[in-house]
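See structure below.
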């Protein structure tokens, strides 16, 4: 990384909150849900997998939790360049190929959100400069980018699965 | 491939190996119970080409990591623990590991109702069976140090060493086997002494922000009662007896007659040296507390022999009142005829009988007992 890029990145980080602070109240609402899948048997004796609120379930290390973020445009104008970023908790590990988001480009970061890329382009470089492809368990952030404007009243959801460490 | 490339490949392989090993060892038991995991997202967007304030998730999703109860018990005995009849404080060794995500206590019990884990047939039970936890002061079972009978405050991923300690009954033969299981049961940590037995909340409702208990331990089909998800862990080990293989030989040599010690003849007044040799074989175990008795009662009653109260065979000459010599197994050769605690007597432990007791005979060693009689 050259000195120039470092400087420009620092600038971006510093500027973003300032420009953001200048704006008015938001027109997109976000809601996060964490769920676990529970196998049950229904009245007909058939096996079913139901999703239940993780907070209302017993969750122990090794369990997989589904994190869902619901989004909705509650304004009267379309929202453009909608980008949802979800950090992966330090206590969980992203389950490979589990991120979903209809109509969205999904990218990942292994450096706390500094850079995002598709899984096959994500690289980890060690102190000696040796690079290798990053593993799913190293993902720190997930980014969904909506390819088209979100119309007023438009909504959707993105999700991923993670295993509790 | 040039050297540089080879190095890079090697480095890559090393990185891969380290990456796989490190998380497993660091997080085997997992996230500690009671930790809250929160998820929230941020959205950035523009309206009419103008960047808007980034929006953070309204309600965040939060849940609490519950208590995963999991443990393993494994013996460190690769095969039978070799023991001997009448051996005391014989030790089977186990390791109890907390694979859960919460500090726990463990109660400990032994069970004799298990089969031999090493393929033989269990055919006896030991006595005075106790279970003790290694204190860490001195490696290996120490009677004085390792006195705790439960495991206190075993943190996640930690291991405690536990001993089953027992005595072996007298009279067990070589290849007799006593199998035992160690059973550890999960108790609540945190209190002084052993906490209450931990109960599984799996069937009960979930406390929203509290820590629930989920039993996640495996069953051990070889130990009765250790079922899946019961908070118990167990493993088996076994004692196998190797008895000492003692052989005994007795010789009689005329030492002197009243007229000569050269070519002495068996005539009245002749002194005969009896030599009893007790030999332990090369295999088996050391023989402790060996007793030898040789009765002269019939010969004395018939008036044929008298016990020589002062031993002298030209090799060992004893003082007056010492008629028994013991070489090997006891410290000094000459023994008094009285029952005075030197391990040998004549006619006191049993009438007209030479009695020697308390002999220790290691493998491939012998003890020799000599005494003399006078022909009447």
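For chain B, the relative contact order is 15 percent, taking Cα pairs closer than 8 Å that sit 6 or more residues apart in sequence and dividing their mean separation by the residue count. Averaged over the residues of peptide A:62-74, the number of Cβ atoms from other protein chains lying within 10 Å of each residue's Cβ is 3. Across peptide A:127-135, the mean count of Cβ atoms from other chains lying within 10 Å of each residue's own Cβ comes to 3.
Compute the whole-percent fraction of alpha carbon pairs in region B:246-375 spaced more than 19 Å apart. Cα-Cα pairs in region B:246-375 separated by more than 19 Å: 48 percent. Distance between the pseudo-spin-label points of residue B:118 and residue B:286 (7 Å out from Cα toward the beta carbon): 2.0 nm. Of all the options B:267, B:164, B:183, the one that moves most in a Gaussian network model of chain B with Cα springs shorter than 10 angstrom is B:267. Packing, taken as the mean count of other beta carbons within 10 Å per residue, orders the peptides B:217-227, B:104-114, A:75-85, B:135-145 from highest to lowest as B:104-114, A:75-85, B:217-227, B:135-145. Inter-part distance, region A:64-82 to region B:39-108, computed on C-alpha centroids, equals 34 Å. Normalised by 2.2 N^0.38 Å, where N is the number of residues, the C-alpha radius of gyration of region A:91-165 stands at 1.25.
Rounded, prolate or oblate for chain B? Axes are the square roots of the Cα gyration tensor eigenvalues, ordered a ≥ b ≥ c, and the cut-off for rounded is a/c under 1.5. Note, shape of chain B comes out prolate.
Within the P(r) computed for region A:26-164, what percentage of the Cα pairs occupies the region above 28 Å? Every Cα pair in region A:26-164 considered, those over 28 Å come to 30 percent. Histogrammed with a bin width of 5 Å, the alpha carbon distances of region B:145-275 distribute as 2, 7, 10, 11, 11, 9, 6, 5, 5, 4, 3, 4, 3, 3, 4, 4, 3, 1, 1, 1, 1, 0 percent, first bin at zero. Compared with the direct C-alpha span, the chain from residue B:60 to residue B:174 gains 34.1 nm at full extension, assuming 0.36 nm per residue. Summed over qualifying helices (DSSP H, 4 residues or more, each -39500 (n - 2.57)) and divided by its residue number, chain B shows a 222 nm mean residue ellipticity of -2500 deg cm²/dmol. Listing A:115, B:172 from fewest to most neighbouring C-beta atoms within 10 Å gives A:115, B:172. Shape analysis of the protein assembly as shown places it in the prolate category; the axes a ≥ b ≥ c from the Cα gyration tensor give an a/c of at least 1.5, with a/b above b/c. The simple Förster model, with R0 at 56 Å and r as the Cβ-Cβ distance, assigns residue B:230 and residue B:357 a FRET efficiency of 0.65.
Read-outs throughout are calculated quantities, based only on the coordinates presented, and are distinct from any laboratory measurement. As the structure is a prediction and not an experimental result, all values here were calculated from the model. Cβ: placed from backbone, ideal geometry, glycine included. Neighbour counts: every protein chain shown.
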